[in-house]
1. Exactly one condition in (1) farther than 14 Å from S338 by Cα; (2) at pLDDT 95 or above is not met by G424; state its number.
2. E49 versus (1) closer than 14 Å to V107 by Cα; (2) at pLDDT 75 or above; (3) not in a loop (DSSP other than H, G, I, E, B): which is the lone unmet condition?
3. Across region 69-113, which residue is modelled with the lowest pLDDT among those that are within 13 Å of the ligand (Cβ to nearest atom), surrounded by fewer than 19 Cβ atoms within 10 Å (Cβ to Cβ) and not basic (K, R)?
4. So in region 342-362, with the set limited to residues that are of a type outside the set (A, V, I, L, M, F, W, C) and farther than 26 Å from E440 by Cα, which one is most open to solvent (accessible area, probe 1.4 Å)?
5. Give me a count of the residues in region 482-497 that are outside any helix (DSSP H, G or I) and open to solvent by less than 40 Å² (accessible area, probe 1.4 Å).
6. Taking F365 as meeting all but one of (1) crowded, with 24+ Cβ neighbours inside 10 Å; (2) farther than 18 Å from S166 by Cβ, write down the number of the exception.
7. Would you be able to say whether some residue in region 364-372 is touching a residue at least 60 places away in the same chain (Cβ under 8 Å) and at positive phi?
8. For I121, indicate whether it is away from the ligand (no atom under 11 Å from the Cβ), crowded, with 16+ Cβ neighbours inside 10 Å and over 20 Å from G177 (Cβ atoms).
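The values are calculated or read from the model by the stated rules, or taken from the named source; none is laboratory data. All values derive from a computational prediction rather than experimental measurement. Here the Cβ positions follow ideal geometry from the backbone for every residue, glycine too, while neighbour counts run over all protein chains shown. Accessible surface areas use protein heavy atoms only, side chains included; no ligands, DNA or RNA. Shrake-Rupley method; radii C 1.70, N 1.55, O 1.52, S 1.80 Å.
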Amino acid sequence: MADDSQNSTTPSTSERIADYKARFHEAVVESNALAQEKQHSKGKKTARERIDELLDLGSFVELDEFVRHRTSAFGMDQKRPYGDAVVTGLGTIHGRQVAVFSQDFTVFGGSLGEVAGDKIIKIMDFALETKVPIIGILDSGGARIQEGVIALGKYGEIFKRNTKASGVIPQISIVCGPAAGGAVYSPALTDFVIMVDKTSQMFVTGPDVIKAVTGEDVGMEELGGALTHNKVSGVAHYLAQDEDDAFNYARVLLSYLPDNFSAEGPQYAAETDLEITDRDRRMNEIIPDSASVPYDVTTIIEGIVDPGSFLEVQPLFAPNIVIGFGRVEGRSVGIIASQPNQMAGTLNIDAGEKAARFVRFLDAFGIPIITLVDVPGYLPGTDQEWTGVIRRGAKLLYAYAEASVPLITVITRKAYGGAYIVMGSKQLGADLNFAWPTAEIAVMGGQGAVNILYRNDLKKAEEAGEDVNAVRARLASEYTYNVASPFLAAERGEIDGVIEPAATRSVIVKGLRALRNKTPRTPEGKHGNIPL
Ligand code: HXC
């Protein structure tokens, strides 16, 4: 028989849970109210607000919600009794599963101690186990000073997992506040770093330490602000105008990525007409008549990928090479394209490193690579030689040579010297290589070649009072016609054919269809030794 008196006084299970949650959150809110106010006054969202913004509405399942901060092993008094400096859990983006952690600057400045570290480690392990992408939202003062070696150790455990996850699941970092000290290296190990303009900074040692050690005066923004890392250092891949822009970019970026290295990438409905259209015919007009006149390669990219699908990555760093995602027949492709309107599209150290890391990402996640080539060569100069263009330029060679995803390369204009080889050449392992009739494939450009090959003739012409520039131009044009012609390369089978620009899109569509079943090579040995 039911005991009515007990029923009326004992709270039900759901009441007990609700009561615990309410008391817990009240305590958290109470202890953090001031810090949250400060956070908002800086134009920054709180950790949970950011998660809500990033994930599909209502999809977030928090893990370790009730985990409590423990007093430091070193007995230092840490004020706040509830929560710790990170919120972790699962959710969806466009209906696809992701794991997420969001550092909470309102608790110990988002610093990483034992409990916060363990929470991040747990969610990373979950992501690795279930093979879903992981997104980290960073806002942290680095290793928690009160927790000494324990804090440092947790960083080590996180870095180990970042590395284990590399090439297995996509890893995206969104930096929304400071990422100081150890906090920078987890993002550095991830595939994409998004930084919010004006409110995010990344640095290993801050302005005060720099001033004390070297005497150099530098502000936080100049040292490690979002613009610096997007434009100068190349640490970041996207400069977000504000936090909403950052979360939106992350959501869009994810729409090009598979869940993991062995999963099929997302496929969107797309109608593909293989007939040559007016849009295709506009490709015939892009290359200027003069070889020295630049053009914008993104117009060629836009003409190849599904309309509106091009998403540029790292646009501000080394703009002489363009990298990004697009879709062809609704499936993701990666684009690497030299950009003739920036430094004439020459390759330098920054461009090589930018493209190499992207090639390796695409290869790891099975995304086909389309390469567009118009490169006059490597940038000459002591600056490049002394900062390691040999060692660092070799990264792109290595990345292409190692890649086993479908590779299609189109040479639109100049493909000179080492730059011809490195930019997805047939000889490095590309599956299909085509050239436009405007292509020039040679050891070097006509002018340079003539200066070496016809030095004596040019001298004689000068002595005979002839117009040397006119002679040089005639010889250079003969050289370009006789030696650099793409038809010669095609005759020798060095490339697979010469195509009309208007046919490029349809050739690429057919090529990608044909390469759909290409089996990736399994590397021999433990791993290669890419020049780092
Ligand atoms: C513990 C920290 C902290 C940290 C900040 N806080 N950083 N607590 N450990 N590392 C606390 C502050 O004491 C303060 O607490 C609250 O967080 C907010 O910090 P503020 O300084 O008031 O905020 P702000 O002015 O916005 O400055 C943010 C900051 C600055 C630039 C990040 O706090 C800072 O310089 N912190 C130290 C950065 C650092 O040197 N970290 C260690 C790096 S070494 P209250 O209670 O006052 O609100 C490292 C080694 C790892 O990480 C190496 C692995 C490879």
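1. Here G424 meets the rest and fails (1).
2. Failed condition: (1).
3. D77
4. Looking at the filtered set, the residue picked out is R357.
5. Qualifying residue count, region 482-497: 4.
6. Of (1) crowded, with 24+ Cβ neighbours inside 10 Å; (2) farther than 18 Å from S166 by Cβ, only one is false for F365: (2).
7. Residues of region 364-372 that are touching a residue at least 60 places away in the same chain (Cβ under 8 Å), as a first pass: 364-368, 370, 372.
From what's left, at positive phi: 366.
Yes; the residues of region 364-372 include at least one that is touching a residue at least 60 places away in the same chain (Cβ under 8 Å) and at positive phi.
8. Here the answer is yes, as I121 does meet what is asked.
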